[in-house]
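Shown next, in structure tokens, is the structure this report addresses.
The values are calculated or read from the model by the stated rules, or taken from the named source; none is laboratory data. From a predicted model like this one, the values you see are computed outputs, not experimental measurements. Cβ placement follows ideal geometry from the backbone for every residue including glycine, while neighbour counts extend to all protein chains displayed. Just so you know, the surface numbers come from the protein's heavy atoms only, side chains and all, with ligands and any DNA or RNA stripped out. Shrake-Rupley method; radii C 1.70, N 1.55, O 1.52, S 1.80 Å.
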Amino acid sequence: MSPPPSVVIVDDHRIFRTGVKAELEGMVEILGEAETVEDAVRRISELEPDVVLLDVHMPGGGGAQVIEQVSRARPQQRFLALSVSDDPQDVIAIVRAGARGYVTKTITGEELADAVRRVDEGDAVFSPRLAGFVLDAFAGDLPAEEVDPELDQLTAREREVLRYIARGYLYKEIALRLSISVKTVEAHVSSVLRKLQLSNRHELSRWAVSRRLVD
């Protein structure tokens with residue numbers, strides 16, 4: 001069984017952060033917390049969480065500014081907005097900035113932990129009432145993408161591991177970068193090999209290059 005995703009909580013209200021930590025205890029790994037944009041950027045860079053739980057409105061700049069600054073150094077970082085606001089403008093702004101999901105603070109602890117896990121796996125997660133805002137906002141400007149059936153069957157974490165393999169990283173190095181065990185890396189590689197019907201990491205590398213997955 002894979003370890004729970006790691007999280008940094010970004011919110012300017014200490015009492016709320018304490019409550020979220022209590023709700024998520026035992027379901028995700030809380031690496032740390034931050035209450036300002038500047039502090040959040042620094043802590044996320046230091047701790048490298050799987051998912052950042054991010055408030056939309058904070059003094060000194062909002063969640064979108066955190067995403068913008070962090071993404072320059074960590075383009076792979078995943079963000080899940082957690083806010084009292086269900087204003088469509090807030091939802092669309094944070095999603096356009098790069099958040100993978102948006103849930104309101106009425107969510108239960110178990111629902112929030114599940115949302116974190118899903119975002120970590122590459123899914124987009126929205127509270128039911130908010131999903132319509134996102135669909136309406138992006139329906140007209142999302143280009144049609146070619147579907148790659150082989151690539152589509154891989155999870156987000158499997159794609160990350162695949163990219164590192166293609167760049168020549170050792171299993172131990174991949175484990176360190178993704179904060180997972182070497183055994184978990186091996187399990188992801190075995191799963192990718194099985195899904196793509198390939199035999200070894202050299203074939204994986206060629207496959208990844210052919211799909212332009214490697215910069």
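Can you go through ALA137, ALA187 and tell me which one is modelled with pLDDT under 85, in a helix (DSSP H, G or I), out of contact with any strand residue (DSSP E or B) (no Cβ under 8 Å at 6 or more places or on another chain) and open to solvent by less than 90 Å² (accessible area, probe 1.4 Å)? Break it down stepwise before answering.
Working: ALA187 fails: modelled with pLDDT under 85.
Just one listed residue meets the conditions, ALA137.
In the list ALA93, ALA64, ALA34, which residue meets the criterion of being open to solvent by less than 10 Å² (accessible area, probe 1.4 Å) and either modelled with pLDDT of 90 or more or of a type outside the set (Val, Ile, Thr) (or both)?
Values: ALA93 fails: open to solvent by less than 10 Å² (accessible area, probe 1.4 Å); ALA64 fails: open to solvent by less than 10 Å² (accessible area, probe 1.4 Å).
ALA34 is the lone residue from the list that is open to solvent by less than 10 Å² (accessible area, probe 1.4 Å) and either modelled with pLDDT of 90 or more or of a type outside the set (Val, Ile, Thr) (or both).
Of all residues in the stretch 91-114, which are assigned to a loop (DSSP other than H, G, I, E, B) and either in contact (Cβ under 8 Å) with a residue 24 or more places away in the chain or over 23 Å from LEU24 (Cβ atoms) (or both)? Working first, answer last.
Taking the stretch 91-114 as the starting set, the residues that turn out to be assigned to a loop (DSSP other than H, G, I, E, B) are 98-100, 105-108.
Listed by number, the residues that qualify are GLY98, ALA99, ARG100, LYS105, ILE107, THR108.
Restricting the search to the stretch 1-14, which residues are over 30 Å from GLU186 (Cβ atoms) and either over 17 Å from the mean Cα position of the chain (by Cα) or without any contact (Cβ under 8 Å) to a residue 40 or more places away in the chain (or both)?
Filtering the stretch 1-14 for residues over 30 Å from GLU186 (Cβ atoms) gives 9-14.
Selection gives ASP11, ASP12, HIS13, ARG14.
If GLU111 satisfies all but one of (1) of a type outside the set (A, V, I, L, M); (2) closer than 15 Å to ASP86 by Cβ; (3) modelled with pLDDT of 70 or more; (4) open to solvent by 30 Å² or more (accessible area, probe 1.4 Å), what's the number of the condition it fails?
Failed condition: (2).
Restricting the search to the stretch 75-90, which residues are touching a residue at least 24 places away in the same chain (Cβ under 8 Å) and either open to solvent by 70 Å² or more (accessible area, probe 1.4 Å) or more than 25 Å from LEU178 (Cα to Cα) (or both)? Full working, then the answer.
We begin by selecting, within the stretch 75-90, every residue touching a residue at least 24 places away in the same chain (Cβ under 8 Å); these are 76-83, 85-86, 88, 90.
GLN76, SER83, SER85, ASP86, PRO88, ASP90 - these are the residues of the stretch 75-90 that are touching a residue at least 24 places away in the same chain (Cβ under 8 Å) and either open to solvent by 70 Å² or more (accessible area, probe 1.4 Å) or more than 25 Å from LEU178 (Cα to Cα) (or both).
Find the residue count for the stretch 153-184, including only residues that are closer than 22 Å to GLN77 by Cβ, part of a helix (DSSP H, G or I) and either open to solvent by 60 Å² or more (accessible area, probe 1.4 Å) or of a type in the set (Phe, Trp, Tyr) (or both).
In the first step, residues of the stretch 153-184 are kept if they are closer than 22 Å to GLN77 by Cβ; the result is 154-167, 169, 173-181, 184.
Narrowing the set further to residues that are part of a helix (DSSP H, G or I) leaves 156-166, 173-178, 184.
Then drop every residue that is not either open to solvent by 60 Å² or more (accessible area, probe 1.4 Å) or of a type in the set (Phe, Trp, Tyr) (or both), which leaves 159, 163-164, 173, 176-177.
Of the residues in the stretch 153-184, 6 are closer than 22 Å to GLN77 by Cβ, part of a helix (DSSP H, G or I) and either open to solvent by 60 Å² or more (accessible area, probe 1.4 Å) or of a type in the set (Phe, Trp, Tyr) (or both).
Just give me the residues in the stretch 20-58 being hydrophobic (A, V, I, L, M, F, W, C), assigned to a helix (DSSP H, G or I) and under 17 Å from ARG177 (Cβ atoms), in sequence order.
So in the stretch 20-58, the residues hydrophobic (A, V, I, L, M, F, W, C) come out as 20, 22, 24, 27-28, 30-31, 34, 37, 40-41, 44, 47, 51-54, 56, 58.
Adding the requirement that they be assigned to a helix (DSSP H, G or I) leaves 20, 22, 24, 37, 40-41, 44, 47.
Those that are hydrophobic (A, V, I, L, M, F, W, C), assigned to a helix (DSSP H, G or I) and under 17 Å from ARG177 (Cβ atoms): ILE44, LEU47.
Identify all residues within the stretch 1-14 that are over 21 Å from PRO59 (Cα atoms) and either open to solvent by 50 Å² or more (accessible area, probe 1.4 Å) or part of a strand (DSSP E or B) (or both); write none if there are none.
Step one: of the stretch 1-14, the residues over 21 Å from PRO59 (Cα atoms) are 1-7.
Those that are over 21 Å from PRO59 (Cα atoms) and either open to solvent by 50 Å² or more (accessible area, probe 1.4 Å) or part of a strand (DSSP E or B) (or both): MET1, SER2, PRO3, PRO4, SER6, VAL7.
Test of understanding: among ARG17, ARG72, which residue is free of Cβ contacts under 8 Å to residues at least 24 places away in the same chain, more than 23 Å from GLU160 (Cα to Cα) and assigned to a helix (DSSP H, G or I)?
Going through ARG17, ARG72 in turn, the sole match is ARG17.
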